[in-house]
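Take a look at the structure below.
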Amino acid sequence: MRHERFAKVSLAVLVFNILVIVWGAFVRASLSGDGCGAHWPFCDGAVVPPLASTKQIVEFIHRFTSGIVLILSIYLPIAARKAFDKGHPVRKTSLYVLAFTLTEAALGAALVLFGWVAQNDSYHRAIAMSLHLVNTFLLVGALTLTVYYAFGGAKLAWKSQGILKPALLFGLFGVLVLGISGAVTALGDTLYPATSLAEGLKQDFSPTSSLLLRLRMFHPLIATSVGLYLTLIIGLANYLRPSNLLLRFSRWVAFFFVVQMVLGFLNVYLMAPIWLQLVHLALADGLWIAVILSCVTAMGEGVQHVELGKAHVPPAEEPIERPQGLALVKDYIMLTKPRVISLLLFTTLMAMLVAAGGWPGGWLFLAVAVGGYMAAGGANTINMVVERDLDAQMKRTSKRPIVTKHISSRQGLAFGLGLAAGSFILLWSVANLLTAVLALAGLVYYVFIYTLWLKRRTWQNIVIGGGAGAFPPLVGWASVTGNLSPLAWWLFMIIFMWTPVHFWALSLLIKDDYANAGVPMLPVVHGERVTVIQIGLYTIATAIVSIMPLLQRDLGIAYFGGAVLLNLVLFVRSLQLYRQPDRPRAVSLYKYSMLYLALLFIVMVVDRAYF
């Protein structure tokens, strides 16, 4: 009974804290931070001031409710000692609640005593608010863990997680960074309100604007980056540590993040009204709580696992007969699938030339080449780890390093995530944040949407999931221009439509492999006749999309001539396969489809540079 009573009380304390946090945001947004003057902890030097102004009332309510939070934070560890035995995690987490409540009060006092409130626009205020936000999140996190353990949540198993532990912790760090960028953005909205959307966008990009305003444009990109990373790592956690509870918390993460992205766009469109800022902050706390619960559930001791069909994976095994030296390097390179990457990387670099209308610069070209390879290689490596059970059943993939155990699954996952992180850092530092985000988006699309979600479930896997291969030209374009023009999106669509033509021609050649592994590729599910018909339809779609840049006058006569000729040959090869769907014609279409895409991009480069 004492356990149950404590659990309910701690949950109430968590809810009350979130309400106090939201009210604190109202204090900032309504410019009421100086409502009690420069006095702390009392309001204008009195325990109960005369409450002569609205600002004073707003600030006094915040002081009063914060005092209640302090009392509750003192009560929790005392109650925890009475309700739980020595060594129970609730005892420790409730002490963290008290510690973070005290530092929260100290940071609040600093904001008031140093005058970093109301209209103050100093950088010191921005730094103090960022620290305040981090401490607030840590306080909410400690309360969340207290509630989780009080309700019987499993203890953490720190030593048996491998790369998953730092990967999940980095996800928590990413949410903290996102929260800081959100706090800075909210401060800019408060101090420099815009009267229209156009004025707000002008402020963001004006070199004479306050740094608080110019930092504001990074918030949506940081949000996208963190969302993509959480999708990747929590998706992998569900695959490697599957449980009903983790799946439930993961869905809450997805819900909060999608809603937050929508509210973020509404904030920009509506010029950040106070009520929307408060809802945005409350849901940010909800996201933080959901991410914490996902992480502790994934790393918990004795969490009940459920069978997820072939997606279930036993604990990673250690490598046997591990090669050394160059042989080991060769195996790691093999994990990245260099032959598969070559065409994708080519479209990335050609898109750079198209965007620049010529040579984009040696260092940028090299950095994007290396960063693009790392992103694609990371995606392919993680794919090999996830699909090692399928690879073992297919003749053409049975010699891959993860299957042969030359490299363990744990080492492969660490290598893949390392490549992803390195790619993001390199592309951001040399190109721009948009480029890094797009490369990460392509990786997450391939791992989560194609590999984890679609490949084992539907023959539409390559239609939808194949979109991952369409991201490289977006990466190349953004690295040069810092934006995505309509032509960049047409490059994306060309590859998106081309992918089924290319891949289904290959799948006709290895359909028996897919059938043995139980992968529902189109030739396995519906047969060769349906496959060649679908190839023909996507050939037509590819040709139509490839002509669209001409209608928008982004490309000229040289591209027109080359595109017509290349599409004509693609039609002929597809028609030949339709009339006689045998191996030689499937090979012919498969090989030509690669040449088609490469030549089409070369023609674009020539057209943009010389015509």
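Observations
- The listed peptides 555-568, 473-486, 43-56, 537-550, ordered by packing as a protection proxy, come out as 473-486, 537-550, 555-568, 43-56 (highest mean of other Cβ atoms within 10 Å first).
- Gap separating the Cα centres of the range 519-568 and the range 105-156, nearest whole Å: 54
- Charge dipole (Cα centre; +1 on Lys/Arg Cβ, -1 on Asp/Glu Cβ; no other charges) of the chain amounts to roughly 1400 debye.
- Whichever aspartates and glutamates have a C-alpha closer than 15 Å to that of Lys202, once near sequence neighbours (fewer than 8 apart) are set aside: Asp189
- Cα gyration tensor shape for the range 396-545, rounded if a/c is under 1.5, else prolate or oblate: oblate
- Beyond 32 Å in Cα-Cα separation lie the following of the pairs Lys165/Lys591; Lys399/Lys455; Lys165/Lys455; Lys330/Lys511; Lys8/Lys86: Lys165/Lys591.
- Nearest-10 value in Å² for the accessible area of Trp23, using the 1.4 Å probe: 80
- Furthest towards positive pole of dipole, Val340, Leu145, Leu364, structure part the chain, Cβ charges: Val340
- Cα centroid of the range 173-244 to Cα centroid of the range 342-365, whole Å: 29
- Correct option for Kirkwood radius over Cα pairs in Å [calculated from the coordinates] among [x] 30.4; [y] 27.0; [z] 28.9: [y]
- Every helix of 4 or more DSSP H residues in the chain counts as -39500 (n - 2.57), and over all residues that averages to -25500 deg cm²/dmol at 222 nm.
- Percent accessible area from carbon and sulfur atoms, the range 19-83, protein chains only, probe 1.4 Å: 73
- Residue among Tyr446, Thr481, Ser398 farthest towards the positive dipole end of the range 380-506, charges placed on Cβ: Ser398
- Overall, the accessible surface of the range 157-269 at a probe of 1.4 angstrom is composed of carbon and sulfur to the extent of 75 percent.
- For the range 112-123, Karplus couplings with θ = phi - 60° (6.51, -1.76, 1.60), whole Hz, Gly/Pro x: 6, 5, 8, x, 8, 9, 6, 8, 4, 10, 6, 5
- Size of electric dipole in the range 23-99: Cβ of Lys, Arg +1 and of Asp, Glu -1, about Cα centre, debye, nearest 20: 460
- Exposed loop sites, defined as GluC sites (Glu not before Pro) outside DSSP H, G, I, E and B with at most 15 other Cβ atoms within 10 Å, are absent from the longest region of the chain, namely 1-300.
- Annotation for the range 437-528: trypsin sites (Lys or Arg not before Pro) lying in DSSP loop with at most 14 further Cβ atoms inside 10 Å of their Cβ are Arg457.
- Phi angles of the range 175-186 translate, via the Karplus equation with coefficients 6.51, -1.76, 1.60 and θ = phi - 60°, into HN-Hα couplings of 5, 4, 4, 4, x, 4, 5, x, 5, 5, 4, 5 Hz per residue; Gly and Pro are given as x.
- For the chain, the residue among Ala83, Ser546, Leu197 whose Cα projects farthest onto the positive side of the dipole built from Cβ charges is Ala83.
- Sequence of His124, His39 when ordered by accessible area, the most exposed leading, probe 1.4 angstrom: His124, His39
- Judged by a Cβ-Cβ distance under 4.7 Å, the unpaired cysteines of the chain are Cys295.
- Of the accessible area of the range 434-513, computed with a 1.4 Å probe over protein heavy atoms only, carbon and sulfur atoms account for 68 percent.
- C-alpha long axis of helix 54-83 to longest principal axis of the chain, angle in °: 80
- Estimated vicinal HN-Hα couplings, Hz - the range 191-208 in sequence order (Karplus 6.51, -1.76, 1.60; Gly, Pro = x): 7, 10, x, 9, 8, 8, 4, 4, 5, x, 5, 5, 4, 4, 9, 6, x, 8
- Summarising the amide proton neighbourhood of Gly300: residues at separation of 5 or more, or on other chains, whose placed amide H is nearer than 5 Å comprise Ala157.
- Whole-angstrom gap from the range 444-474 to the range 55-71, using each part's C-alpha centre: 51
- Compared with the dominant Cα axis of the chain, that is its longest principal axis, helix 325-335 is turned about 90°.
- Accessible area of the chain divided out per residue, in Å², using a probe of 1.4 angstrom: 45
The values are calculated or read from the model by the stated rules, or taken from the named source; none is laboratory data. Just so it is clear, the model here is predicted, and its values are computed rather than measured. We place every Cβ from the backbone using ideal geometry, glycine too, and count neighbours over all the protein chains shown. Each accessible area value is taken on the protein alone, full model and side chains, heavy atoms only, with ligands, DNA and RNA left out. Shrake-Rupley method; radii C 1.70, N 1.55, O 1.52, S 1.80 Å.
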